[in-house]
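These notes are about the structure you will find just below.
The values are calculated or read from the model by the stated rules, or taken from the named source; none is laboratory data. Keep in mind the model is a prediction, meaning the values are calculated, not measured. Every residue, glycine as well, gets a Cβ built from its backbone with ideal geometry; the counts of neighbours run over all protein chains shown. The accessibility values were calculated without ligands, DNA or RNA, using every heavy atom of the protein model including side chains. Shrake-Rupley method; radii C 1.70, N 1.55, O 1.52, S 1.80 Å.
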Amino acid sequence: MSLRKMDVLVVGAGFSGLYLLHKLRSSGFSVAVVEKADQLGGTWHWNRYPGARCDIPSLQYSYQFDEELQQDWKWSEKYSAQPEILEYLNHVADRFDLRRDIEFNTEVISATFNEERCLWEIKTSKGDVEAKFCIMATGCLSAPNTPDFEGLNDYEGQLLHTGKWPQTPVDFTGETVAIIGTGSSSIQSIPVIAEQAKHLYVFQRTANYSIPSNNGPMDPDEEALVKSRYPEFRKENWENGFGIAGLEEESLATEASDQERQEKFNHHWEKEGLGFLGAYADLMLDKEANELAASFVRGKVKEIVNDPEVAELLSPKFTIGCKRLCVDTGYFEAFNRDNVTLIDLNTNPIDKITDDGLIAGQEEYQVDSLILATGFDAMTGAMTRIDIKGRKGISLKEQWKDGAKSYLGLGISNFPNLFTVTGPGSPSVLSNMVPSLELHVEWISQCIEWMRDNNKTVIESTKAVEEEWMIFVNEVADQTVYKSCNSWYNGSNIDEKAKEFLPFIGVPPYTEKITEVAEQNYQGFVFDKTN
Ligand code: NAP
């Protein structure tokens with residue numbers, strides 16, 4: 001392929017990349033999207049494991065940039081399943097004629113900023129690109145984590161990772177299956193796999209909190225009500241701390257009577273899914289309040305799971321919500337089935353993977369399929385796995401070795417004209433991702449337009465502002481219980497990663513901050529810096 005030149009190259013054709021393409025093209029820029037997969041969808045292309053669905057209601061987990069689109073599209077369920085979300089994204093691509101500017105099967109191998117020419121030189125698996133701007137729309141949970149289990153390469157059965165699931169459906173009927181990990185992906189897939197498999201072994205290192213989704217067909221009255229005032233509904237949600245409806249509660253768990261608390265927790269358990277954490281305003285701020293919610297959920301686990309020993313093993317011991325809360329359909333119930341066995345990796349660590357299964361706690365498990373539900377190198381992995389070099393050949397991976405610093409999750413010092421969508425230091429994974437990424441797409445597009453209108457060529461963040469910002473991100477987190485356990489929010493799931501809290505907590509102050517920065521001609525960013 002010959003060298004291609006353009007204003008903007010976008011990496012990734014998921015929710016962010018598609019909207020960026022639409023927005024930037026509408027503003028008159030030449031833009032293309034490169035996508036490693038053979039089709040669009042990002043997260044919703046790769047995560048096709050059984051039971052995959054969103055855990056924020058679809059009426060909220062969807063684009064709002066086009067009123068006709070949000071009126072026209074009909075979700076069939078409260079929380080839509082992966083195939084429907086993918087269908088929606090394909091509809092968006094067709095509706096806005098996006099496909100002609102997306103290059104599929106194209107992996108970015110390296111991206112280097114040429115300081116003299118003020119542009120990005122990007123090598124892809126299908127040829128070279130030169131672009132004034134490069135935007136990483138690579139997702140927060142898109143670089144799968146494959147632990148280095150001894151013997152993994154020797155396994156001759158069907159090896160699967162939830163975050164890289166095959167496109168053809170996998171049928172486990174009659175199979176003996178092992179799944180390692182008990183995070184959201186596993187918690188969604190276990191009940192479905194258990195219905196198919198002859199036997200399912202679940203290998204758990206840390207028990208997780210999960211709230212029933214109470215998913216079901218879309219309620220036509222609720223849909224009509226939301227659609228009758230969609231912009232207002234979106235705006236109200238955005239004013240909540242996490243940008244999600246139902247999280248605006250102001251009363252405190254520590255001040256409620258036992259009976260009031262029980263009633264409220266029960267209501268939120270039955271109706272709110274992730275919004276369970278919104279039952280009281282102090283659940284994520286005060287350890288004592290948090291423990292009240294945590295012990296309520298542990299009580300529910302003990303009510304649901306018949307075998308008291310299994311129930312105890314499934315009862316999480318850490319602060320609720322400090323690892324991403326899970327939402328399920330029949331997760332704890334699945335452990336009442338005769339064909340599901342829970343193995344505690346703390347007392348039975350995995351010794352090794354063999355050619356036909358695994359050995360844990362000296363017990364051998366022969367399995368037809370081995371599923372790694374072991375998560376992602378979150379928030380930074382998708383970028384550090386690409387060879388990105390900024391000013392003076394500085395590598396992003398090297399610069400982020402001791403902690404990922406970014407100004408507002410949008411720009412990185414030494415990496416001019418490189419923007420990140422929902423990067424570290426922004427609410428991203430601690431918010432409803434779709435409106436969060438729309439906010440970033442609009443901010444970035446307006447910034448690039450402003451530069452065009454004001455004859456600016458190069459924009460970059462400085463070390464000082466991003467350091468100050470990431471200190472603030474961590475100071476905000478220090479006022480909460482979010483740092484009280486190992487989680488992918490703070491890099492603890494990846495051995496070699498710096499242990500630093502990455503998302504910013506608080507949608508409203510963040511939105512105010514980035515709006516102000518833009519209004520003050522991108523205060524904190526430097527334009528056309530000379531060396
Ligand atoms: P995850 O939450 O990081 O869970 C990974 C699981 O694998 C954990 O139970 C972890 O145990 C275990 N694990 C990792 N390395 C291991 C090792 N070496 N040995 C044994 N166990 C190991 O990953 P995920 O379930 O894929 O979910 C990631 C995030 O994606 C979620 O938190 C959520 O934000 C998002 N997600 C969303 C949805 C949805 O919207 N519905 C669905 C799926 C995922 P430890 O806890 O002990 O580390």
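Which numbered condition trips up residue 184, out of (1) touching a Gly at 6+ places or on another chain (Cβ under 6 Å); (2) open to solvent by 20 Å² or more (accessible area, probe 1.4 Å)?
With (1) touching a Gly at 6+ places or on another chain (Cβ under 6 Å); (2) open to solvent by 20 Å² or more (accessible area, probe 1.4 Å) applied to residue 184, the lone miss is (1).
Which pairs turn up if I take residues in the stretch 202-214 that are closer than 11 Å to residue 346 by Cα and part of a loop (DSSP other than H, G, I, E, B) and look for partners that are within 9 Å of the ligand (Cβ to nearest atom) and at pLDDT 95 or above with beta carbon separation below 6 Å, at least 6 apart in sequence or on another chain?
205/345
Just to be sure before I move on: is residue 190 within 16 Å of the ligand (Cβ to nearest atom) and open to solvent by 10 Å² or more (accessible area, probe 1.4 Å) in the structure I sent?
no
Which of the residues belonging to the stretch 101-111 are surrounded by 17 or more Cβ atoms within 10 Å (Cβ to Cβ) and touching an Asp or Glu at 6+ places or on another chain (Cβ under 8 Å)?
Answer for the stretch 101-111, where residues must be surrounded by 17 or more Cβ atoms within 10 Å (Cβ to Cβ) and touching an Asp or Glu at 6+ places or on another chain (Cβ under 8 Å): 102, 103, 106, 111.
Can you tell me which residue is nearest to residue 22 (Cα to Cα) among those in the stretch 68-83 that are free of Cβ contacts under 8 Å to residues at least 60 places away in the same chain and open to solvent by 30 Å² or more (accessible area, probe 1.4 Å)?
68
Here is a yes/no grid of residues against (1) under 22 Å from residue 77 (Cα atoms); (2) within 22 Å of the chain's Cα centre (by Cα); (3) among the polar types (S, T, N, Q):
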| position | (1), (2), (3) |
| --- | --- |
| 227 | yes, no, no |
| 244 | yes, yes, no |
| 271 | yes, no, no |
| 293 | no, no, no |
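Yes/no per residue for (1) of a type outside the set (A, V, I, L, M); (2) at positive phi; (3) within 16 Å of the ligand (Cβ to nearest atom); (4) at pLDDT below 95:
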{"site": "206", "(1), (2), (3), (4)": "yes, no, yes, no"}
{"site": "229", "(1), (2), (3), (4)": "yes, no, no, no"}
{"site": "233", "(1), (2), (3), (4)": "yes, no, no, no"}
{"site": "241", "(1), (2), (3), (4)": "yes, no, no, yes"}
{"site": "251", "(1), (2), (3), (4)": "yes, no, no, yes"}
{"site": "257", "(1), (2), (3), (4)": "yes, no, no, no"}
{"site": "269", "(1), (2), (3), (4)": "yes, no, no, no"}
{"site": "275", "(1), (2), (3), (4)": "yes, no, yes, yes"}
{"site": "288", "(1), (2), (3), (4)": "yes, no, no, no"}
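Pairs needed: first member in the stretch 142-160, touching a residue at least 12 places away in the same chain (Cβ under 8 Å); second member anywhere, of a type in the set (S, T, N, Q) and part of a loop (DSSP other than H, G, I, E, B); C-beta distance under 8 Å; at least 6 residues apart or different chains.
144/374; 145/374; 145/493; 146/374; 147/374; 152/146
Given the conditions (1) within 16 Å of the ligand (Cβ to nearest atom); (2) assigned to a strand (DSSP E or B), which single one is not true for residue 416?
(1)
When residues of the stretch 217-275 are filtered for being among the aliphatic types (A, V, I, L, M), in a helix (DSSP H, G or I) and surrounded by 12 or more Cβ atoms within 10 Å (Cβ to Cβ), how many remain? Before you say what the answer is, go through the steps one by one.
Step one: of the stretch 217-275, the residues among the aliphatic types (A, V, I, L, M) are 218, 224-226, 244-245, 247, 252-253, 256, 274.
Checking the rest, the ones that are also in a helix (DSSP H, G or I) come to 224-226, 253, 274.
So of that shortlist, the ones also surrounded by 12 or more Cβ atoms within 10 Å (Cβ to Cβ) come out as 225-226, 253, 274.
So the count comes out to 4.
So which residues in the stretch 396-423 are open to solvent by less than 10 Å² (accessible area, probe 1.4 Å), more than 19 Å from residue 443 (Cβ to Cβ) and either hydroxyl-bearing (Ser, Thr, Tyr) or free of Cβ contacts under 8 Å to residues at least 60 places away in the same chain (or both), if there are any at all?
396
Pick from the stretch 307-328 the residues that are touching a Gly at 6+ places or on another chain (Cβ under 9 Å) and open to solvent by 30 Å² or more (accessible area, probe 1.4 Å): which of them is farthest from residue 50 (Cα to Cα)?
323
Filter the stretch 20-44 down to the residues that are open to solvent by 10 Å² or more (accessible area, probe 1.4 Å) and closer than 16 Å to residue 434 by Cβ and list them by number.
Within the stretch 20-44, 22, 23, 42, 43, 44 qualify.
Please go through the stretch 364-386 and give me each residue that is farther than 15 Å from residue 342 by Cα, among the hydroxyl-bearing types (Ser, Thr, Tyr) and within 16 Å of the ligand (Cβ to nearest atom), ordered by number.
374, 380
Only one residue in 28, 12 is on the phi > 0 side of the Ramachandran plot and over 18 Å from the mean Cα position of the chain (by Cα). Which one? So that I can check it myself, show each step before the final result.
Working: 12 fails: over 18 Å from the mean Cα position of the chain (by Cα).
Sole residue among the options that is on the phi > 0 side of the Ramachandran plot and over 18 Å from the mean Cα position of the chain (by Cα): 28.
Please report, ordered by residue number, the strands (runs of 3 or more DSSP E) entirely within the stretch 317-363 with at least 3 residues that are within 14 Å of the ligand (Cβ to nearest atom) and touching a residue at least 60 places away in the same chain (Cβ under 8 Å).
326-328, 340-344, 350-354
Condition check ((1) within 24 Å of the chain's Cα centre (by Cα); (2) under 27 Å from residue 115 (Cβ atoms); (3) open to solvent by less than 10 Å² (accessible area, probe 1.4 Å); (4) of a type in the set (S, T, N, Q)) across all residues:
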residue: 337; (1), (2), (3), (4): no, no, no, no
residue: 344; (1), (2), (3), (4): no, no, no, no
residue: 347; (1), (2), (3), (4): no, no, no, yes
residue: 368; (1), (2), (3), (4): no, no, no, no
residue: 377; (1), (2), (3), (4): yes, no, no, no
residue: 384; (1), (2), (3), (4): yes, yes, no, yes
residue: 388; (1), (2), (3), (4): yes, yes, yes, no
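Out of the residues in the stretch 31-60 that are of a type in the set (D, E, K, R) and part of a loop (DSSP other than H, G, I, E, B), which is nearest to the chain's Cα centre (by Cα)?
55
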